[in-house]
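Visitor: Before we start, here is the structure in question, set down as structure tokens.
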Amino acid sequence: MNSTNISFNDAAVVVNLIGTDQKLIPSLLSALKNNKITLSRLQESPVQIDLFSSEAYLYSPGGDKYRIPIF
């Protein structure tokens with residue numbers, strides 16, 4: 001498993017690339033920007049993201065896990 005870091009809401013977030021590569025990072029950033037329902041439930045920036053080929057799991061500082069689709 002590879003990992004990389006992205007900047008989201010002025011915070012560094014670890015992104016674990018699971019079965020995919022860095023080519024999906026722009027799609028992830030777009031999904032993070034456009035998925036208002038999930039992001040409204042997150043009070044703080046995620047501390048970790050597991051990125052798959054069609055979805056991502058966001059982990060909050062409080063231990064909650066959220067799923068967003070990647071298009």
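Visitor: Taking the stretch 40-54 only, how many residues are out of contact with any helix residue (DSSP H, G or I) (no Cβ under 9 Å at 6 or more places or on another chain) and part of a strand (DSSP E or B)?
Guide: Qualifying residue count for the region: 2.
Visitor: Let me ask another. Name the single residue that is surrounded by the fewest Cβ atoms within 10 Å (Cβ to Cβ) among those in the stretch 11-60 being over 17 Å from M1 (Cβ atoms) and of a type in the set (K, R).
Guide: Of everything passing the filter in the stretch 11-60, K36 is surrounded by the fewest Cβ atoms within 10 Å (Cβ to Cβ).
Visitor: Can you pull out the residues in the stretch 12-24 that are touching a residue at least 24 places away in the same chain (Cβ under 8 Å) and either under 10 Å from the mean Cα position of the chain (by Cα) or part of a strand (DSSP E or B) (or both)?
Guide: V13, V14, V15, N16, L17
Visitor: Still on this structure, I have one more. Could you please give the count of residues in the stretch 26-57 that are free of Cβ contacts under 8 Å to residues at least 24 places away in the same chain and hydrophobic (A, V, I, L, M, F, W, C)?
Guide: Result for the stretch 26-57: 3.
Since every read-out is calculated from the coordinates, none of them should be taken as a lab result. The shown structure was predicted, so the numbers you read here are calculated from the model rather than taken from an experiment. When we count neighbours, we look across all protein chains shown, and the Cβ atoms used for this are built from the backbone with ideal geometry, even at glycine.
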